[in-house]
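The values are calculated or read from the model by the stated rules, or taken from the named source; none is laboratory data. None of the values given here were measured: they were computed from a predicted structure. For neighbour counting, all protein chains shown are included, and Cβ atoms are generated from backbone atoms with ideal geometry for every residue, glycine included. For accessibility, only protein heavy atoms count, side chains too; no ligands or nucleic acids. Shrake-Rupley method; radii C 1.70, N 1.55, O 1.52, S 1.80 Å.
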Amino acid sequence: MADEAEHTDPFAALRTVLGDVEFALERMRARGAEASCSDAALEALRRGLTDFLTIESAAPLETIAPVAPSETTEHVGEVAPVPKSSSDLPKPERSAARMLVEIREDLGDCTRCKLHAERKNIVFGVGNPDAELMFVGEGPGADEDEQGEPFVGRAGQLLTKMIQAMGKQRSDIYIANVVKCRPPGNRAPTPDEVAACGPFLRRQIEAIGPKIICTLGNAATSALLGKNEGITKLRGTFHPFEGGVLVMPTYHPAYLLRSPDHKKDAWNDLQQVMTELGWPIPKRGAP
Ligand code: URA
């Protein structure tokens, strides 16, 4: 999505880069590298961006005449007032990748719910931070807990095949779960666990800004849509989520391993997703 914005807005890339620079400086400072990031440095960075954006809104890039050397040291005419403090200045944009790093840092070594007690690894999410499509599952199983990556066990291997049948790789899309720690015995997450972890999934969705979220199974579907009907009723049609994002519920790959007859339904759902995204539908069919 960021790529698309950069094609239509030549300043989007610059804003993102400046946002990332600011983010990196703030992080270095937070880690004690005071000399690398004074308040003055941050304010200069933001002021540079403000001046730049003022020029941008005043005239298109090609009409801005090069500045003669003498004009760089002497201001003539009206000059925008310098904001009194850096908090008056607009915040530069941050790339989705940076926002995901920040969200992971906020999650930290989480103890917000009881799932932390038995986990080996937090399973945050993996894939393309600018993905148009996100898959959301229920929660990590044993293999995911071991490796710290979602959908790497048997169900994950089927999900990978489903993604490949769509003509894509795992690295093209983003995969996350409702809860980031393994529920013992692979039970469904409880409402308090979903409530504790949900805000992090929500922030991941906001950072990535997918066009479509494909929810896998009942738990992910009801966590996002707040509907109690089962997956059999909800799958196969798009449901509106926030910010214009569409949700396509489909069967969980673990269910498809037990009930392969339903693979054709899941493939149907994924074809609808491809059509909505304008992706070509590969000929070879269901995984
Ligand atoms: N099932 C899920 O819901 N998520 C995983 O990551 C693995 C299995």
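Among the candidates Pro191, Pro184, Pro140, the residue that is buried (at least 22 other Cβ atoms within 10 Å of the Cβ) and at negative phi is uniquely Pro140. The test for being in contact with a Ser or Thr (Cβ under 8 Å, 6 or more places away or on another chain), within 13 Å of the ligand (Cβ to nearest atom) and not aromatic (Phe, Trp, Tyr) holds for Val136. Among residues of region 160-182 that are modelled with pLDDT of 95 or more and more than 14 Å from the ligand (Cβ to nearest atom), those with a Cβ under 6 angstrom from a residue that is open to solvent by less than 10 Å² (accessible area, probe 1.4 Å) and assigned to a helix (DSSP H, G or I), sequence gap 6+ or separate chain, pair up as Met166/Leu270; Met166/Met274.
Within region 93-118, if we keep just the residues that are open to solvent by less than 40 Å² (accessible area, probe 1.4 Å) and part of a loop (DSSP other than H, G, I, E, B), the residue that is farthest from the ligand (Cβ to nearest atom) turns out to be Ser95.
If you go through region 215-240 and keep only what is in contact with a helix residue (DSSP H, G or I) (Cβ under 6 Å, 6 or more places away or on another chain), part of a strand (DSSP E or B) and within 14 Å of the ligand (Cβ to nearest atom), you end up with just Thr215. Looking across Gly156, Gly148, one residue alone is buried (at least 21 other Cβ atoms within 10 Å of the Cβ), within 16 Å of the ligand (Cβ to nearest atom), more than 27 Å from Gly244 (Cα to Cα) and of a type outside the set (S, T, N, Q). It is Gly156.
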